[in-house]
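Structure first, commentary second.
The values are calculated or read from the model by the stated rules, or taken from the named source; none is laboratory data. This structure is a prediction, so every number in the text was calculated from the model and none was measured. Methodologically, a virtual Cβ is constructed for each residue, glycine included, from the backbone with ideal geometry; neighbour enumeration extends over all protein chains shown.
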Amino acid sequence: MPELPEVEITARLIGSATAGRRIESAMAPGVNALKTYDPPLSATEGAAITGISRRGKLFVVALDNELSLLIHLMSAGRLQLFDNRASPRDRTSRLLLRVDDGRELRLREFGTKQRAWVKLLRDDELGAEETLAALGPEAWPAPPSLQPLLDAPRPLHGMLRDQRVLAGIGRSWVDEILHEAMLSPFKRASELTDAEAERLRQAVVSKLGDAIAHYEQTIALPIPDKLPMPLTVHRRNGEPCPRCGDTLEAVFYEDYVMCYCPTCQTDGKLLKDRRLSRLLK
Ligand SMILES: [Zn+2]
């Protein structure tokens, strides 16, 4: 599940390795991956990559011909750089950019669903692109005052993952951030005290920043299919809390799991397990 830290380290590593490289050929083998048709993908051929940046959980691959590729990994995509050409049998490939040093930039997607997408946009269209235009302020390096979001009577777990509110946080890092801030995932934003709100802001910055610093030390090209994420709470239910030693608990939803420490976050209360209550109905 690539979120802000994973996209950031990927943009840094692949961006510096491909800056100035010219695209020799471009292909989009995934039938659904390329969401635009004008300009055609072939318009990237011959252009040089000037840089790769991150906005929220998206990549912007900037070219020197006033075009940019906007790439969204969704839940199972990866952007990777390989020394060789993809095998025609590789069913994970969604976008292949062959650059002039013989390497290949690939958008790959694992799992059964095809959700990752690419748009080729003119630079002057980029700002108006609907996904980018809907993004809230960046969660890192310095989130703005959280004050506007704190007026909403929304549970923190959902609000922090809402890309329109704050861009970059997903299901993994939200658990780490709320644990760091010692706040219940179900606590409503509008009920936070000033001190809690400041703790939350600091937890957002420190957890995301620490993860990026960790990746800077541990990740190199080629970026592995599965990044070893330095998570201490998410999907660690049943294990001891790294702060207090209590057993971490989880609430299971249809397609994700929310983990927390009852002692550190919910005054010892166990949150209702939605999966269990659905089975008992
Ligand atoms: Zn704890």
Report, ordered by the first and then the second residue, all pairs with beta carbons closer than 6 Å, sequence separation of six or more or different chains, a first member in the stretch 1-25 that is at pLDDT below 95, and a second member that is part of a loop (DSSP other than H, G, I, E, B).
M1/S75; M1/G170; P2/L73
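For every residue, the table says whether it meets (1) within 16 Å of the ligand (Cβ to nearest atom); (2) at pLDDT below 95; (3) in contact with an Asp or Glu (Cβ under 6 Å, 6 or more places away or on another chain); (4) under 23 Å from E8 (Cβ atoms).
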| position | (1), (2), (3), (4) |
| --- | --- |
| T218 | no, no, no, yes |
| P224 | no, yes, no, yes |
| L227 | no, yes, yes, yes |
| Q265 | yes, no, no, no |
Give the number of residues within the stretch 2-42 that are surrounded by 17 or more Cβ atoms within 10 Å (Cβ to Cβ) and small (G, A, S).
7
May I ask you to verify whether A86 is at negative phi and at pLDDT 95 or above?
no
Could you tell me which numbered condition R235 fails, if it satisfies all but one of (1) among the basic types (K, R); (2) more than 15 Å from the ligand (Cβ to nearest atom); (3) more than 20 Å from W173 (Cα to Cα)?
(3)
